[in-house]
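The values are calculated or read from the model by the stated rules, or taken from the named source; none is laboratory data. No experiment lies behind these values; they were computed from the predicted model shown. Positions of Cβ are generated from backbone atoms using ideal geometry, with glycine treated the same way; all protein chains shown enter the neighbour counts.
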Amino acid sequence: MGNVLHFIISLKVLNTSIHIIPAMKNSEILTCFQCGTCTGSCPSGKYTSLNVRRIIKDSIKKDISDQLDLWMCTTCYNCQERCPRGIKVTDAILSLRAQAVKKGSILPAHRAVCKFLIEMGHAVPIDDIHITIREKIGLSEPETVRKYPQALKDVKTLLESCGFNELVK
């Protein structure tokens, strides 16, 4: 805790503004010592521009809701499980995404997935073609809201009641 306190005092002396992720304890994010374990264990980072360490570092100093990297995370939790400081990295990314959505910043592909959820009750809905394929190979229709119309109505009611529809317009 001493190092964190020293870091906070140093920032105050330097008159640096800190953008702390609201869902995290202030001291937790500040304990990151930039070891790179999160970035090194990130499967998405091998194939995209995602640099988890940079997201955490930048999110302390500024609003990153418009950065594409924020949406490259698959939320596999590798970074969070391996962080030597126990920082809830994936949870922080999800919190940052939630802030971005509230500001209207969301990728078109993610917006499309949200619309599927609103319309069909699933982020990746099963369609008639795949139902037919399943039947041909002896599989029944999966237990989803597609099978239960009242459940779909309930999902839609829930999403509407919490304002989800408005967030992803």
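Against the test of being under 25 Å from G40 (Cα atoms) and either in contact with a Phe, Trp or Tyr (Cβ under 7 Å, 6 or more places away or on another chain) or free of Cβ contacts under 8 Å to residues at least 40 places away in the same chain (or both), the options Y77, Y148 yield a single qualifying residue, Y77.
If I filter segment 131-142 for residues that are of a type in the set (D, E) and within 22 Å of G40 (Cβ to Cβ), do I get at least one hit? No - not one qualifying residue is present in segment 131-142. Just checking, does segment 126-143 include any residue being surrounded by 15 or more Cβ atoms within 10 Å (Cβ to Cβ), of a type outside the set (V, I, T) and out of contact with any helix residue (DSSP H, G or I) (no Cβ under 8 Å at 6 or more places or on another chain)? No, there is no match, as no residue in segment 126-143 is surrounded by 15 or more Cβ atoms within 10 Å (Cβ to Cβ), of a type outside the set (V, I, T) and out of contact with any helix residue (DSSP H, G or I) (no Cβ under 8 Å at 6 or more places or on another chain). Just one of the listed residues (I87, I133, I126) is closer than 30 Å to Y148 by Cβ and in contact (Cβ under 8 Å) with a residue 12 or more places away in the chain, namely I126.
Taken residue by residue, segment 56-70 has no member that is closer than 14 Å to T39 by Cβ and not in a helix (DSSP H, G or I).
Counting only helices (runs of 4 or more DSSP H) that sit wholly inside segment 1-55, those with at least 1 residues that are within 22 Å of L96 (Cα to Cα), within 19 Å of the chain's Cα centre (by Cα) and modelled with pLDDT of 85 or more are 37-40.
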